[in-house]
Amino acid sequence: AMTADGKIAPVDGGKVNFGGPEDRRHMEELRAEADAVIIGGGTLRAEDPPLILRDPEIRRRRHAAKGTPHPTNITACSSLPADAAGLRFFNH
């Protein structure tokens with residue numbers, strides 16, 4: 001979900017959880033079908049999201065179908081934080 005101007009976070013830069021449990025499960029199903037998930041550098045620095053499949057059953061089905069339990073994480077940014085190697089995003 002995003003606003004007309006492409007924003008998906010509040011003005012203060014905090015994290016927002018859109019939707020309810022059904023929406024999050026649907027997002028997991030969609031991610032399970034993808035080869036990769038991409039985020040921008042601002043999201044990486046602000047949230048350090050581990051873009052993994054959390055539902056064990058969805059993860060198992062993805063592994064059986066695609067050979068890996070999670071899609072590849074990709075970031076598009078001009079510079080990485082100095083502590084990039086320790087970010088959760090890169091550890092999955």
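Quick grid of which residues meet (1) farther than 12 Å from Ala34 by Cβ; (2) open to solvent by less than 80 Å² (accessible area, probe 1.4 Å); (3) small (Gly, Ala, Ser):
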{"position": "Asp48", "(1), (2), (3)": "yes, yes, no"}
{"position": "Ile52", "(1), (2), (3)": "yes, yes, no"}
{"position": "His63", "(1), (2), (3)": "yes, no, no"}
{"position": "Pro71", "(1), (2), (3)": "no, yes, no"}
{"position": "Cys77", "(1), (2), (3)": "yes, yes, no"}
{"position": "Asp83", "(1), (2), (3)": "yes, no, no"}
{"position": "Phe89", "(1), (2), (3)": "yes, yes, no"}
{"position": "His92", "(1), (2), (3)": "yes, no, no"}
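Being basic (Lys, Arg), more than 24 Å from Leu80 (Cβ to Cβ) and not in a loop (DSSP other than H, G, I, E, B) is the filter here; which residues of the range 38-66 pass it?
Result: Arg59, Arg60, Arg61, Arg62, Lys66.
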Scanning the range 14-29 for residues that are at pLDDT below 95 and open to solvent by 40 Å² or more (accessible area, probe 1.4 Å) gives Lys15, Val16, Asn17, Phe18, Gly19, Pro21, Glu22, Asp23, Arg24, Arg25, His26, Met27
Per the filter on the range 30-45, residues closer than 25 Å to Asp12 by Cβ, among the aliphatic types (A, V, I, L, M) and open to solvent by 70 Å² or more (accessible area, probe 1.4 Å) are Ile38
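The values are calculated or read from the model by the stated rules, or taken from the named source; none is laboratory data. Source: prediction; values computed, not measured. Heads up, the Cβs are rebuilt from the backbone with ideal geometry, glycines too, and the neighbour counts pull from every protein chain shown. Note: accessible area is taken over every heavy atom of the protein model, side chains too, but ligands, DNA and RNA are not part of it. Shrake-Rupley method; radii C 1.70, N 1.55, O 1.52, S 1.80 Å.
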